[in-house]
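Worksheet for the structure shown next.
All of the numbers you see were taken from the coordinates with simple rules; none came from a lab. Nothing here was measured: the structure is a model prediction, and the numbers come from that model. Here the Cβ positions follow ideal geometry from the backbone for every residue, glycine too, while neighbour counts run over all protein chains shown.
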Amino acid sequence: MRIGFIGLGNMGAPMARNLAKAGHEVTGFDVAGVTVEGVATADSAAAAAEGAEAVITMLPDGQILRAVYDQIVPAGTAGACFIDCSTVDVDSARHAAAQAEAAGLLAVDAPVSGGIGGAEAGTLTFMAGGSEAAFAAAEPLFDIMGQKAVHCGPAGNGQAAKICNNMILGVTMIATCEAFALADKLGLDRQKMFDVVSTSSGYSWTMNAYCPAPGVGPKSPADNDYTPGFAAELMLKDLRLAQVAAETVDADTPMGTAAAALYRLFVEDEDGLGRDFSAMLPRFEARGRG
Ligand code: NAD
C-alpha cells in the first residue's frame with residue numbers, strides 16, 4: 001500500500017518505520033526536515049498525501065492538525081483513508097473528519113496509548129472514531145503499528161476515549177503520589193505501602209505498573225531519576241483537552257479540574273517541565289500542608 005506519513009517526531013518516526021518494515025511504500029513529511037530509515041521524503045505535506053491510499057498524521061495539536069488538513073485534503077485521492085493518530089481536542093478531530101469526508105475521503109481519529117516504547121515495538125493501542133468503512137480500511141495498519149484497536153464510535157470518539165482515559169491517569173497518579181507522601185510522614189515503609197495497596201482496593205495502573213516511588217514495584221521512570229516516560233507537560237496537555245471537552249458539553253469534572261490545575265502549577269511554576277509525570281511524588285515529599 002502507498003502510505004503518506006506526516007509528522008515524524010518521537011512517535012511518528014517509529015510508527016512510519018514499522019509500516020515501511022512491513023513492506024508498505026511510505027512517504028513522509030515533517031516541517032523539521034526529519035528523515036526516517038526506509039521512508040521516502042516528500043517536499044510538503046500535500047506531496048506526501050498525493051497518490052496515497054492511506055495518509056497518517058502524528059502532530060502536536062489540533063491547530064496544527066487543522067492547518068495540515070487544509071493542505072492534504074485537497075491533495076487526497078478519492079476513497080483514500082485519512083488517519084489522524086495525534087492527540088487533539090474532540091472539535092478539531094470532528095472538523096478534520098468532516099472536511100475529509102466532504103472531499104470523498106475516509107476519515108478516522110485514532111489517538112494512541114503506549115508511548116514511545118509502544119511506537120517503537122509496534123505495540124500501541126489505538127482508540128478509533130469514524131465510520132465502519134473507515135475503521136475497516138485503517139485496521140490492517142493499526143495491526144502493524146499496534147497490538148489492539150478499539151472502534152469507539154463515530155468521528156471524535158477516539159479522542160473522547162483518549163482524554164477520558166488520561167484524565168483518570170492524571171487523577172490517579174496524583175492520588176498515588178499524595179498517598180505515598182502521607183505514608184512517609186506516618187512512618188510507613190514504601191515497600192510495605194506498595195505490598196498492601198497493589199493487592200488491595202487502592203490498586204491502580206499508576207501504583208502497580210508505573211509506581212512513582214523509586215526502587216519499589218516494577219522498573220519505572222522513578223528508577224531513572226524521573227526521566228520521561230510520559231512527560232508532565234504531555235499529561236498537562238491531555239488534562240487541558242479533557243477540560244476543554246468538559247466545558248463544551250457541560251460535564252462536571254471536579255477531580256479532572258483539580259488535576260489540570262496541579263499539573264499546570266508543577267509544569268509552569270515549579271520544576272515539572274521535562275520530568276516524568278510521576279515526579280509528583282518528590283513534589284509532595286518536599287511540601288507540607290501550607
Ligand atoms: P513530537 O513533537 O516529537 O512530534 C511532532 C512532529 O510533528 C514534530 O517532529 C514536528 O516537527 C512535526 N510537525 C509540527 N508541525 C508540522 C506540520 N505543520 N507539518 C508537518 N510536521 C509537523 O511529538 P510526539 O511525542 O511524536 O507526539 C505526537 C502526538 O502524539 C501528540 O499529539 C502527542 O500528544 C501524542 N502522543 C504522544 C505520546 C508520547 O509518549 N510522546 C504518547 C501518546 C500520544
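In terms of the mean number of neighbouring beta-carbon atoms within 10 Å, the peptides 186-199, 25-38 order highest first as 25-38, 186-199. For the chain, the Kirkwood estimate of hydrodynamic radius, built from reciprocal distances between every pair of different alpha carbons, is 19.9 Å. For region 171-290, treating each Cα as an identical point scatterer without solvent, what Debye log10 I(q)/I(0) comes out at q = 0.10 1/Å? Result of the Debye calculation: -0.30.
Given +1 at the Cβ of Lys and Arg, -1 at the Cβ of Asp and Glu and no other charges, the dipole of region 2-154 around its Cα centre is 200 debye to the nearest 20.
Any of Lys148/Lys237; Lys148/Lys219; Lys162/Lys219; Lys192/Lys237; Lys21/Lys148; Lys162/Lys185 with alpha carbons more than 28 Å apart? Name them for me. Correct reply: Lys192/Lys237; Lys162/Lys185. Residue exposure proxy: Cys211, Cys85, Cys152, Cys164, ordered by other Cβ atoms within 10 angstrom of their Cβ from fewest to most, comes out as Cys164, Cys152, Cys211, Cys85.
Kirkwood hydrodynamic radius for region 40-199: how many Å is it when counted over pairs of different Cα atoms? Don't skip to the answer; put the middle values down first.
Numbers: mean 1/r = 0.0583 Å⁻¹.
That comes to 17.2 Å for region 40-199.
Can you give me the C-alpha center-to-center distance between region 100-127 and region 173-203, rounded to a whole angstrom? Between the Cα centre of region 100-127 and that of region 173-203, the gap is 35 Å. Considering the chain as a Gaussian network with a 10 Å cut-off on Cα pairs, which listed residue, Ala260, Ala121, Ala279, attains the greatest mean-square fluctuation? Of Ala260, Ala121, Ala279, the Gaussian network model singles out Ala121 as fluctuating most.
How charged is the neighbourhood of Val267? Take every other residue with its Cβ under 10 Å from the Cβ of Val267, and add Lys/Arg as +1 and Asp/Glu as -1.
That works out to -2.
Ordered by the number of other Cβ atoms lying within 10 Å of each residue's own Cβ, fewest first, Phe126, Phe180, Phe230 fall into the sequence Phe230, Phe180, Phe126.
Secondary structure note: in region 63-175, about 30% of the DSSP beta bridges are antiparallel.
Taking a Cβ cut-off of under 13 Å around Ala128, the surrounding Lys, Arg, Asp and Glu residues balance to a net charge of -3, with basic ones at +1 and acidic ones at -1. Near Glu25: Cβ cut-off under 15 Å, other residues only, Lys/Arg at +1 and Asp/Glu at -1. The net charge is 0.
Within the chain, helices built from complete DSSP H runs that reach 20 Å or longer along their own axis (Cα positions) and carry a mean Kyte-Doolittle hydropathy of -0.5 or higher are 157-185, 232-249.
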